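Enquirer: Take a look at this one; I'll ask things after.
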Amino acid sequence: MKTDSNLWIIRLSSYIFDNSTGQTHLHSYPNIHFNKDQEESISLLAFPESSVISSDKSYFYFFVLREEINSTKNKESDLYCYTIFKQWKDEKMERGYKQMSIVLISKMYTINLFQSLVEIISQQYFSDISLEKIKVK
């Protein structure tokens, strides 16, 4: 993955979770591709370890290594992922609800700024998409 080093936001992505298929990557903007291991890490880490949350949304962040671990690795090689996780009732699902995460990926470690931004983006995203029509592949 090659990106402009001055970009504040590398990519914004959405993922949905289903018990039978696991995590599915739905959308990304811009359409920047990571290697297979990075994509898998982001997809797996986009959902909290536990679905016990105090409201219908949960915020958290994580980081993934952008390059192979080596002795010269520095902080600038990490990608920080700011995430909002949402679940909503859906009786057709095995567990009785659907789960979705939106992930903002950046090289910058600025939690308050990007958590606020992902909250604004998620409000628009969740109001624009038809949650009933989302099908897990």
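Enquirer: Could you pull out the residue among TYR15, TYR59, TYR80 that is under 25 Å from PHE126 (Cβ atoms), among the hydroxyl-bearing types (Ser, Thr, Tyr), modelled with pLDDT under 70 and surrounded by 13 or more Cβ atoms within 10 Å (Cβ to Cβ)?
Expert: TYR59
Enquirer: So which residues in segment 18-43 are exposed (fewer than 14 other Cβ atoms within 10 Å of the Cβ) and within 18 Å of ASP90 (Cα to Cα), if there are any at all?
Expert: ASN19, SER20, THR21, GLY22
Enquirer: Determine, yes or no, whether THR24 is modelled with pLDDT of 80 or more and over 10 Å from the mean Cα position of the chain (by Cα).
Expert: yes
Enquirer: Oh, and also: Can you tell me how many residues in segment 104-123 are within 14 Å of TRP8 (Cα to Cα) and crowded, with 16+ Cβ neighbours inside 10 Å?
Expert: Result for segment 104-123: 8.
Enquirer: Go through the residues of segment 42-49 one by one and say whether even a single one is β-branched (Val, Ile, Thr), at pLDDT 80 or above, within 14 Å of PHE17 (Cβ to Cβ) and outside any strand (DSSP E or B).
Expert: Checked against the condition, which is being β-branched (Val, Ile, Thr), at pLDDT 80 or above, within 14 Å of PHE17 (Cβ to Cβ) and outside any strand (DSSP E or B), segment 42-49 yields at least one hit.
The values are calculated or read from the model by the stated rules, or taken from the named source; none is laboratory data. The shown structure was predicted, so the numbers you read here are calculated from the model rather than taken from an experiment. As a convention, Cβ positions derive from the backbone with ideal geometry for all residues, glycine included, and neighbour counts pool all protein chains shown.
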